[in-house]
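Engineer: Sharing a structure, written as structure tokens. Questions coming.
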Amino acid sequence: MSKVSIGEFEEIVMLTVAVLYKDAYGVAIKKDLEKRSKRKVSLGAMRTALKRLEKKGLLVSEFGEVTAVRGGKRKRYFKVTPYGKKVLEQVMETRKRLWDAIPELAFDM
Amino acid sequence: MGQQKHIAPPHSLIRFFRWFCDPELVEDLEGDMTELFEERSRANVARAKTLLVWEILMLFRPGIIRNFEGNKNLNNYGMIKNYFKSAWRSLMKYKTFSAINIFSLTIGMAACMVIFLFVKDERSFDAFHKKRDKIYRLCEVQSFPGTNTQNVALSMPGMGPTMTNEFPEIESFVRFWNWGDQLLELGDKKITIENVAGADSTFFEMFDYPLVIGDPAEVIDEPLDAVVSEEVAIKLFNKKDVIGETFVIDGDQCIIRGVMENVPENSHLQFNILLNIKSATLDNPDFDSQFGGNFLNTYFTLNEGADLEKMAERYPDYLSRNTGRDNINEMYKLYLQPLVDVHLASTDVEHDYNNYRKFNGTYIDVFILVGIFILIIASLNFMNLTTARASNRAKEVGVRKTIGALKGQLFNQFIFESIMLSCMALIFAIVLTFIALPFLNILIERQLSLLAIFSEPTLIVIILAITITLGLLAGIYPSIYLSSFKPVIVLKGFKSYEKKSMFRSSLIIIQFSLALGMIIATLVVIQQLTYMKNKDIGFTTDHILLLDMNEQTREKYDELKQALLSESNILGVTGSGQRLGNNFHQWGFKVMHDTGVAQLAPSNVFVDHDYLDVYGIKLLQGRSFSKEFATDDGLAFIINESFAKDLGFDDPIGQKVGHSWYPNDSLGTVIGVTEDFNFNSLHYKVNKLSIVVHTDWGFSEMSIKLNGENIAQAVKDVERIYDQFVTDYPIDYEFLDKHFQELYKSDEQMGAVITIIAALSIFIGCMGLFGLASISIQRRIKEVGIRKVMGASVNNLVTLLSKNFTLMILVSFVLATPVTYLFISRWLENFAFRVQVDPIMFFAGGFIALVIALVTISFHVIKAANSNPVNSLKYE
């Protein structure tokens with residue numbers, strides 16, 4: 001197991017970044033995330049998660065071009081690193097192993 | 001769809017965001033926000049703004065907020081953080097010292113907090129009346145011939161109405177007449193209710209006792225109208241809305257017109273049922289112009305700008321016109337006592353029956369003084385220890401200065417540290433007070449609560465301000481001292497910096513002077529209290545049960561007495577009109593001289609024949625009352641020694657005397673003279689007293705002397721016999737010694753507080769001494785080593801090391817003695833019967849302080865004296 005562990009929200013954020021691929025910047029991630037997970041996400045919560053993930057080395061980011069909209073501010077695009085991908089896979093593996101281990105009758109209660 | 005103009009997000013919000021946001025995140029986040037805002041504002045601008053505010057608030061979180069430390073921005077945050085860090089490190093490094101330092105301040109603060117709560121509670125008395133500053137109580141100075149002059153809270157029924165008529169300064173009056181316990185009849189049910197009182201109909205307009213139901217202006221307008229407390233309502237009728245219900249007192253049917261909240265603890269008037277005052281005087285239409293007897297309290301509201309002195313000039317004229325007695329002004333002087341003084345400034349007022357939990361207000365000042373003392377002691381301690389510990393921080397100061405710290409900055413650092421410590425002490429003090437309060441409440445019989453502080457924001461601010469000021473003041477000297485170190489000297493080695501610590505010694509001396517003063521005061525207070533407890537007051541108070549009399553017991557007095565006396569555990573039974581332990585009522589008294597009949601007014605009590613025997617009151621001359629002489633019932637008088645002296649006869653026995661209403665030709669005789677026994681509290685001199693038997697008057701109390709070895713059984717016997725004779729009234733009794741304890745409660749509580757505070761202050765002082773001793777002995781450890789090598793014995797060394805401290809205690813003793821002497825003699829003047837201020841107490845106090853101090857330092861002294869010189873000398 002990798003020593004890096006990620007929380008549920010971080011996982012969702014990373015997956016959304018992966019889904020959006022070339023277009024993963026703040027507002028887009030937020031909207032996609034809200035659409036798919038059906039919950040309200042503040043910029044603050046999301047940006048802290050992104051910052052944390054970047055610090056852990058699971059994401060990288062770079063600025064885009066200057067545009068006329070957004071008050072002239074550049075977008076920051078995020079990308080999942082190969083290490084990030086590995087961690088995501090590990091999380092999925094763990095889940096899968098757990099699911100497989102559940103006896104048939106466990107939910108019949 | 002036309003091109004819409006971009007609406008930019010509000011600049012102020014964005015500026016706020018830019019201020020707190022991490023610079024690395026600011027660009028893309030601001031972009032994201034702007035994009036969202038632009039999109040949302042197309043739909044609804046107001047909503048977009050709200051959402052923006054929310055977004056920004058959600059961004060205000062760790063991770064987004066930039067680092068405010070000094071290395072990135074030019075401000076002091078980083079440095080202050082470092083101050084905090086180094087303060088914490090030095091706290092942790094010297095744990096004992098820090099604990100002593102903080103804990104002594106904690107104790108001081110906690111003591112002050114408790115005193116504050118106590119004072120606040122006492123001062124809250126009667127403060128809930130909105131008109132409190134206008135309300136006055138009518139009092140009298142009575143100087144009857146043949147008795148001691150006394151201030152009395154009682155007045156005559158006619159005074160309220162007539163004075164209100166005659167003095168334009170008086171707006172309104174209320175008379176309050178306490179009828180004590182009353183038996184209420186509700187159909188078949190009979191219930192005794194305590195504290196039933198009568199008052200004029202304006203009572204609820206003058207005083208703000210909140211009514212739950214009823215209009216304050218008219219609840220007791222008519223005779224037999226009643227207001228009951230909620231508690232009584234439930235007790236009588238099992239419900240709160242009892243308007244229109246009736247009950248019977250003394251054959252009169254009273255109707256309930258109002259329900260009031262239970263009278264609060266902090267009210268000097270206490271009553272459970274209040275009736276219109278005329279309910280008791282239905283067959284006396286002249287009540288409002290009745291003069292003569294003083295038996296009720298009168299309260300006035302005065303208008304703005306009323307001049308009490310100018311009013312006082314007109315009292316004599318008023319009195320002589322209304323009472324129709326020429327010599328009235330020789331006997332009576334009226335004065336008005338402000339309501340706010342009634343609770344705390346009535347110590348000199350006698351016959352003060354309606355003054356619940358009356359407290360000696362001068363003790364409040366004593367408490368405040370003592371509170372300030374302990375705070376001073378604690379702060380001096382704090383100063384002293386911090387300064388003494390300076391050498392530990394010297395290197396730090398040197399390094400900081402070398403790096404470039406300014407003197408001012410270092411000063412700030414140490415002040416900051418000191419404030420931090422005092423704030424910590426405050427937190428501990430609050431916790432300590434919280435823990436200690438329940439126990440203290442039992443001791444001083446109060447219901448103090450920290451809520452009294454925390455429910456008032458201003459008080460919290462004041463306490464914080466005091467704490468910070470304390471930290472500031474206590475920190476100034478150590479901070480100046482520490483920040484003045486010269487780096488070169490300090491870094492080379494501290495030793496050359498060592499000066500004689502006059503300043504620190506004088507701090508110790510001040511501390512110990514205060515503590516010593518309190519110890520001595522405590523000793524004298526305890527001595528006085530013990531004296532009062534043990535003084536032979538001339539009669540027995542032990543194992544005397546006082547049985548409250550009622551109609552039935554009065555009727556069957558003789559049978560009840562015989563039945564009680566037949567029990568082996570009951571040693572004596574007698575009756576009396578008043579209880580021992582306060583001044584007896586003064587009545588007119590006639591003495592036949594050769595020159596004519598003189599009118600006097602000594603204290604009087606009417607009793608049963610065997611009163612003197614049951615109470616063990618000793619006769620100096622003559623005989624006691626006896627049933628064998630029929631004239632002993634009403635015509636025989638026993639007077640006390642003071643009165644006998646006052647009368648001036650060579651032989652008082654056989655002299656013709658009598659009540660003022662006896663005709664001159666049928667006076668009684670003096671049959672005996674008793675010793676001066678203290679029927680009043682020991683605060684007062686023994687007044688002139690005349691004792692007489694009137695078996696037909698109806699005693700108010702039966703005194704039953706029980707066998708001290710078998711109290712429980714004796715009480716059971718009394719209860720059983722009582723129940724045989726009395727069916728209507730439940731038994732109600734008290735013990736006389738308990739009643740006497742009540743007399744000195746104010747004094748006892750003061751004694752308890754002073755003792756605790758004295759103990760705490762000597763404790764704090766010793767903690768300081770302990771710390772200081774360890775430092776100063778540590779400094780001399782090489783000296784001790786050398787002396788030991790040269791052949792000094794352990795004893796020599798102990799003496800040497802203790803010498804300084806002993807000297808300090810001696811100086812404190814010299815300083816503390818005169819001030820304490822003055823203070824304590826003033827206190828003793830409160831008591832007519834008091835102990836002499838004994839020099840032994842002073843030496844005992846000094847000795848105690850010295851022993852405690854020496855024991856405290858002995859730990860360090862003995863350790864140093866016994867240490868192996870090799871250890872202290874091998875490094876140089």
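Engineer: If B:ALA792 passes every condition in (1) of a type in the set (A, V, I, L, M); (2) assigned to a helix (DSSP H, G or I); (3) buried (at least 16 other Cβ atoms within 10 Å of the Cβ) but one, which one does it miss?
Structural biologist: Of everything listed in (1) of a type in the set (A, V, I, L, M); (2) assigned to a helix (DSSP H, G or I); (3) buried (at least 16 other Cβ atoms within 10 Å of the Cβ), B:ALA792 misses just condition (2).
Engineer: Pick out, from the stretch B:520-600, the strands (runs of 3 or more DSSP E) lying fully within it that include 2 or more residues that are open to solvent by 20 Å² or more (accessible area, probe 1.4 Å). Working first, answer last.
Structural biologist: On the way: elements: B:544-548, B:570-576, B:589-593, B:596-600.
Strands (runs of 3 or more DSSP E) meeting the threshold: B:589-593, B:596-600.
Engineer: Taking B:PHE454 as the residue in question, decide whether it is of a type in the set (A, V, I, L, M, F, W, C), assigned by TED's automatic domain parsing to the domain that holds B:CYS112 and more than 24 Å from the chain's Cα centre (by Cα).
Structural biologist: Details: of a type in the set (A, V, I, L, M, F, W, C): yes; assigned by TED's automatic domain parsing to the domain that holds B:CYS112: yes; more than 24 Å from the chain's Cα centre (by Cα): no.
Judged against the criteria, B:PHE454 is not a match.
Engineer: Do we find a residue being modelled with pLDDT of 85 or more and within 11 Å of chain B (Cβ to nearest Cβ) anywhere in the stretch A:17-25?
Structural biologist: yes
Engineer: To continue, here is another question. Can you pull out the residues in the stretch A:30-63 that are open to solvent by less than 10 Å² (accessible area, probe 1.4 Å), in contact (Cβ under 8 Å) with a residue 40 or more places away in the chain and facing another protein chain (nearest Cβ under 10 Å)?
Structural biologist: Narrowing the stretch A:30-63 to residues open to solvent by less than 10 Å² (accessible area, probe 1.4 Å): A:30, A:33, A:41-44, A:46-47, A:49-50, A:53, A:58-59.
Applying the additional criterion that residues be in contact (Cβ under 8 Å) with a residue 40 or more places away in the chain yields A:49, A:53, A:58-59.
Within the stretch A:30-63, A:ALA49 is the sole residue that qualifies.
Engineer: Kindly provide the set of residues from the stretch B:719-754 that are assigned to a loop (DSSP other than H, G, I, E, B), more than 36 Å from the chain's Cα centre (by Cα) and charged (D, E, K, R), ordered by number.
Structural biologist: Within the stretch B:719-754, just B:ASP728 meets the criteria.
Residue by residue, here is whether (1) modelled with pLDDT under 85; (2) within 14 Å of B:VAL524 (Cα to Cα) holds:
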site: B:LEU797; (1), (2): no, no
site: B:ARG834; (1), (2): no, yes
site: B:PHE842; (1), (2): no, yes
site: B:VAL851; (1), (2): no, no
site: B:ASN871; (1), (2): yes, no
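Engineer: One residue is enough: does the stretch B:113-123 have a residue meeting the conditions open to solvent by less than 10 Å² (accessible area, probe 1.4 Å), within 14 Å of another protein chain (Cβ to nearest Cβ), acidic (Asp, Glu) and touching a Phe, Trp or Tyr at 6+ places or on another chain (Cβ under 9 Å)?
Structural biologist: no
Engineer: Specify the residue that is nearest to B:HIS860 (Cα to Cα); the eligible residues are those in the stretch B:814-829 that are in contact with a helix residue (DSSP H, G or I) (Cβ under 8 Å, 6 or more places away or on another chain) and open to solvent by 40 Å² or more (accessible area, probe 1.4 Å). It would help to see each step written out before you state the result.
Structural biologist: Of all residues in the stretch B:814-829, those in contact with a helix residue (DSSP H, G or I) (Cβ under 8 Å, 6 or more places away or on another chain) come to B:815-817, B:819-821, B:823-824, B:827-828.
Within this subset, residues satisfying the condition of being open to solvent by 40 Å² or more (accessible area, probe 1.4 Å) are B:815, B:819, B:821, B:823.
Working: B:LEU815: 27, B:VAL819: 33, B:TYR821: 34, B:PHE823: 36 Å.
Out of the qualifying residues, it is B:LEU815.
Engineer: Now for a separate question. Report the residue count in the stretch A:68-95 for those that are more than 9 Å from chain B (Cβ to nearest Cβ) and either open to solvent by less than 50 Å² (accessible area, probe 1.4 Å) or of a type in the set (S, T, N, Q) (or both).
Structural biologist: Number satisfying all stated conditions: 9.
Engineer: All but one of (1) surrounded by 11 or more Cβ atoms within 10 Å (Cβ to Cβ); (2) away from every other protein chain (no Cβ under 14 Å) hold for A:LEU105; which doesn't?
Structural biologist: Only one criterion in (1) surrounded by 11 or more Cβ atoms within 10 Å (Cβ to Cβ); (2) away from every other protein chain (no Cβ under 14 Å) is unmet by A:LEU105, namely (1).
Engineer: On to the next question. Looking at B:ASP348 and the list (1) surrounded by 18 or more Cβ atoms within 10 Å (Cβ to Cβ); (2) outside the structural domain of B:ILE249 (by TED's automatic domain parsing), which single condition is not satisfied?
Structural biologist: With respect to (1) surrounded by 18 or more Cβ atoms within 10 Å (Cβ to Cβ); (2) outside the structural domain of B:ILE249 (by TED's automatic domain parsing), B:ASP348 is out only on (1).
Engineer: Hey, another quick one. Which one of B:GLU55, B:GLU35 is at the interface with chain A (Cβ under 7 Å from one of its Cβ atoms), in contact with a Leu (Cβ under 6 Å, 6 or more places away or on another chain) and surrounded by 17 or more Cβ atoms within 10 Å (Cβ to Cβ)? Before the answer, list the steps.
Structural biologist: Numbers: B:GLU35 fails: in contact with a Leu (Cβ under 6 Å, 6 or more places away or on another chain).
One residue alone meets the criteria, B:GLU55.
Engineer: Answer yes or no as to whether B:SER690 is under 40 Å from the mean Cα position of the chain (by Cα), at pLDDT below 90 and open to solvent by less than 10 Å² (accessible area, probe 1.4 Å). Steps first, answer last, please.
Structural biologist: On the way: under 40 Å from the mean Cα position of the chain (by Cα): yes; at pLDDT below 90: no; open to solvent by less than 10 Å² (accessible area, probe 1.4 Å): yes.
So B:SER690 does not fit the description; no.
Engineer: Considering only the stretch B:182-211, how many residues are loosely packed, with under 14 Cβ neighbours inside 10 Å and not basic (Lys, Arg)?
Structural biologist: The initial filter retains those residues of the stretch B:182-211 that are loosely packed, with under 14 Cβ neighbours inside 10 Å, namely B:186-189, B:194, B:210.
In the following step, the residues that additionally are not basic (Lys, Arg) were identified as B:186-188, B:194, B:210.
Going through the stretch B:182-211 one residue at a time, the tally reaches 5.
Engineer: Please find, within the stretch B:3-32, the residue that is surrounded by the fewest Cβ atoms within 10 Å (Cβ to Cβ) out of those that are among the hydrophobic types (A, V, I, L, M, F, W, C) and more than 10 Å from chain A (Cβ to nearest Cβ).
Structural biologist: So the first thing to find is which residues in the stretch B:3-32 are among the hydrophobic types (A, V, I, L, M, F, W, C), and the list is B:7-8, B:13-14, B:16-17, B:19-21, B:25-26, B:29.
From the residues that got through so far, the ones that are more than 10 Å from chain A (Cβ to nearest Cβ) too are B:7, B:13, B:16-17, B:19-20.
Working: B:ILE7: 14, B:LEU13: 16, B:PHE16: 14, B:PHE17: 20, B:TRP19: 10, B:PHE20: 15.
Looking at residues that are among the hydrophobic types (A, V, I, L, M, F, W, C) and more than 10 Å from chain A (Cβ to nearest Cβ), I get B:TRP19.
Listed here are the residues, each with its yes/no results for (1) open to solvent by 10 Å² or more (accessible area, probe 1.4 Å); (2) aliphatic (A, V, I, L, M).
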| position | (1), (2) |
| --- | --- |
| B:ILE256 | no, yes |
| B:PRO264 | yes, no |
| B:ILE277 | no, yes |
| B:PHE287 | no, no |
| B:ASP307 | yes, no |
| B:MET311 | no, yes |
| B:PRO316 | yes, no |
| B:THR323 | yes, no |
| B:PRO338 | yes, no |
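The values are calculated or read from the model by the stated rules, or taken from the named source; none is laboratory data. The shown structure was predicted, so the numbers you read here are calculated from the model rather than taken from an experiment. Using ideal geometry, Cβ is built from the backbone for each residue, glycine included, and neighbour counts are taken over all protein chains shown. Side chains are part of the model used for accessible areas, which takes the heavy atoms of the whole protein and leaves out ligands, DNA and RNA. Shrake-Rupley method; radii C 1.70, N 1.55, O 1.52, S 1.80 Å.
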